Amino acid sequence: MKSANSRIIKNTGLLYFRLIFLTFINLYAVRITLEALGKIDYGVFSVIASVVMSLSILTGALTSASQRYLSFHLGKEDYEKYSHTFTLLLLTFIILSGIMIFVGEALGYFFIEKWLDIPSDRVHAAYWVFQTTLVSFVFGLITIPYTSSIVANERMDAFAIFSVVEGVFKLAIAFILINYGGDRLILYGIFTASISIVVFLMSMQYCHSKIHYCRYIWKWNGSLFKDLLGYTGWNLFGSISGMLDNQGQNILLNMYFGPILNTAKAIADRIQSVISGFSTNLYMAVSPQIIKSYASEDYGRAHNLVMKTSKMSFLLLFILSFPLICNMDGLLYLWLGNDAKTPFMTAFSQLILVYCMVISLEPPISRLIQATGKIKRYQLSVGAITLAYIPIAALAFALGGSAILSLIILIAVMATAQFVRIYVARRQVNLSPTKYFKEVAVPVLKVSVIGGAAYLLPPLASTSADPFLLILLRTATAGICGLFIAAILGLSREDRQFILGMIKDKLHKTQS
């Protein structure tokens with residue numbers, strides 16, 4: 001167990017190093033890309049990408065199935081079955097890629113010409129973006145068995161390197177765009193597709209050379225396929241609800257408010273991808289251990305990992321998000337410049353961070369339930385709640401509601417869904433709601449209430465005439481405040497002693 005815990009800490013550190021590096025690259029690349037494309041084209045690309053990704057309703061289900069079954073076989077040390085599963089997954093993804101290309105081509109004209117609000121002079125470019133985004137999606141789909149193998153085997157060093165290479169390419173593309181004299185939107189789509197191809201080739205080569213049981217066994221296994229199909233079928237219901245929540249929101253905003261609102265939402269989504277990455281990295285490092293612990297019937301450790309990961313994920317996001325929420329308007333000004341800001345961008349960006357904190361509680365419980373392979377009850381219960389988002393948001397807009405309501409409603413729906421997850425986990429994996437409430441819910445509620453009260457306090461006064469220094473000072477002050485709130489109200493005495501002990505051990509090793 002000590003070795004497994006050490007591996008979690010090591011992998012989490014690697015993933016955080018990757019994320020910090022990528023954060024600076026991606027934030028700078030977004031600013032340059034937005035400047036190069038302009039508000040309209042950036043919004044067009046965002047909404048087109050969301051339409052194509054709406055075809056990926058199977059991606060979430062198959063990704064979950066891939067990681068669950070591969071990690072489960074590793075926990076059982078059944079490497080032959082691992083190879084069978086890997087081959088079957090790859091074959092399934094290749095077939096699905098062909099189906100998705102057909103579906104995408106059939107629906108492309110309808111979405112672009114009949115549904116989306118795109119300026120007439122940008123329709124031609126929108127078609128190019130649609131085609132290149134479809135290519136990106138297909139290569140992303142067939143990459144999943146390889147990346148799932150890397151994650152299941154906890155080879156986070158390789159995962160980090162591939163992500164860094166991808167981030168460097170994106171930054172290089174942004175610089176090329178700013179100096180390109182032709183249609184930048186079309187070129188951006190082509191480059192985006194090229195990155196997906198490069199990531200696929202790197203992942204495939206690594207798995208073939210470094211993970212010896214990532215090999216092809218072209219032998220039909222009907223029983224395994226039936227298990228995968230049943231698991232994926234029920235998981236598909238959850239994927240559909242997730243797709244409708246995320247991609248449907250972009251389409252609704254475009255239909256009722258136009259592409260300018262899509263630009264505001266796209267910037268908020270960029271912030272979400274960066275901030276939630278900190279929580280995702282912790283979850284990604286722990287997820288294989290949750291499944292392997294369940295597979296080896298160490299249920300106590302699996303439950304403990306769920307509790308610790310849920311609370312730590314929320315607290316980490318709170319520490320990162322609180323200073324950003326308190327100073328979002330000024331930070332957007334420093335990041336994008338005043339001319340690039342659009343209406344609702346600040347509010348969208350603040351609320352998306354609240355949304356990130358709420359959904360950070362979901363993955364650990366989901367992964368524990370998915371480890372059982374029996375997810376029918378879970379997906380039906382949670383999916384029924386999350387599917388309510390789109391009709392509620394559409395009704396709010398039809399009655400003249402503000403665009404801000406789209407995120408407020410989404411946060412409320414996801415918070416409700418979390419209570420349903422806890423109930424299902426109690427029945428299916430014997431996870432104690434009382435223990436969850438004590439170890440996770442109570443600290444989270446304390447931090448949220450006090451953090452919300454602190455946000456309402458007047459901003460820090462300063463005699464500095466430099467707006468840059470003033471924003472940084474206020475952000476740093478809010479950051480220290482958020483850190484104290486999380487440490488005092490969110491962590492137990494044992495948590496603080498463990499963290500301090502780990503820091504002392506690292507310092508001791510560094511000095512020696």
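Structure values in brief
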item	result
Ranking by accessible area, most exposed first, for H124, H303, H212 with a 1.4 Å probe	H212, H124, H303
Linear extension gain, D117 paired with E105, 0.36 nm per residue minus alpha-carbon span	2.4 nm
Enclosed volume per residue, in Å³, of the convex hull spanned by Cα atoms of region 376-458	89 Å³
Rounded accessible area per residue of the chain, 1.4 Å, Å²	45 Å²
Those Cys residues of the chain for which no other cysteine Cβ falls under 4.7 Å	C326, C356, C481
Distance in nm between pseudo-label sites at L27 and V198 (7 Å out along the Cβ direction from Cα)	2.3 nm
R0 of 41 Å, Cβ-Cβ distance A172-E77: FRET efficiency to nearest 0.05	0.45
Paramagnetic label zone (point 7 Å from Cα along Cα-to-C-beta, M255; backbone N under 19 Å) in region 100-128	107-119
Surface accessible to a 1.4 Å probe, W128 within the full protein complex, Å²	110 Å²
In Å², nearest 10: area of K376 left accessible to a 1.4 Å probe	110 Å²
Per-residue HN-Hα couplings for region 257-263 [Karplus 6.51, -1.76, 1.60; θ = phi - 60°; Hz; x = Gly/Pro]	10, x, x, 4, 5, 5, 5
F86, F191, F111, ranked by accessible area, largest first (probe 1.4 Å)	F191, F111, F86
Quotient of Cα Rg and 2.2 N^0.38 Å for region 127-227, N being how many residues it contains	1.33
Potential lengthening between F17 and I217 on full extension [0.36 nm per residue; Cα-Cα distance subtracted]	68.4 nm
Whole-Å distance, taken between Cα centres, linking region 389-407 and region 256-334	25 Å
Global geometry of region 88-155, whether rounded, prolate or oblate, following the gyration tensor of its Cα atoms and the 1.5 cut on a/c	prolate
Region 222-371 shape via C-alpha gyration tensor axes, a/c threshold 1.5	oblate
Cβ charges +1 (Lys, Arg) and -1 (Asp, Glu), total dipole of the chain, debye	1660 debye
Stretchable slack from S296 to H124, in nm (0.36 nm times residue separation minus alpha-carbon distance)	56.4 nm
Pairs of alpha carbons in region 41-182 whose separation is greater than 28 Å (percent)	34 percent
Approximate spin-label separation D183-L224, in nm, with each point projected 7 Å along Cα-to-Cβ	4.5 nm
Stokes-Einstein D for the chain, Kirkwood Rh over Cα pairs, 25 °C, 0.890 mPa s (µm²/s)	102 µm²/s
Net charge, A487 excluded, C-beta distance under 13 Å - Lys, Arg +1, Asp, Glu -1	+3
Check: region 346-505 dipole with +1 on Lys, Arg Cβ and -1 on Asp, Glu Cβ, in debye	740 debye
Solvent-accessible area, 1.4 Å probe, carbon plus sulfur percent, for the chain	66 percent
Dimensionless Rg/Rh of region 350-497 - Kirkwood Rh, Rg from C-alpha atoms	1.06
Above-threshold pairs, the threshold being 25 Å between Cα atoms, out of K170/K311; K292/K376; K374/K438; K81/K374; K226/K435; K76/K210	K170/K311; K374/K438; K226/K435
Computed magnitude of the charge dipole of region 150-282 (debye, nearest 20; Cβ of K, R +1, Cβ of D, E -1)	240 debye
Using a Förster distance of 35 Å, the FRET efficiency for V449-N246 (Cβ separation, nearest 0.05)	0.80
Taking the convex hull of Cα positions in region 183-276, its mean projected area over all directions (nm²)	10.0 nm²
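The values are calculated or read from the model by the stated rules, or taken from the named source; none is laboratory data. Quick caveat, the model's predicted, so the values are computed rather than measured. Note that each Cβ is placed from the backbone with ideal geometry, even for glycine, and that neighbours are counted across all protein chains shown. Ligands, DNA and RNA are stripped out before the accessible areas are found, and what is left, the full protein with its side chains, is counted by its heavy atoms. Shrake-Rupley method; radii C 1.70, N 1.55, O 1.52, S 1.80 Å.
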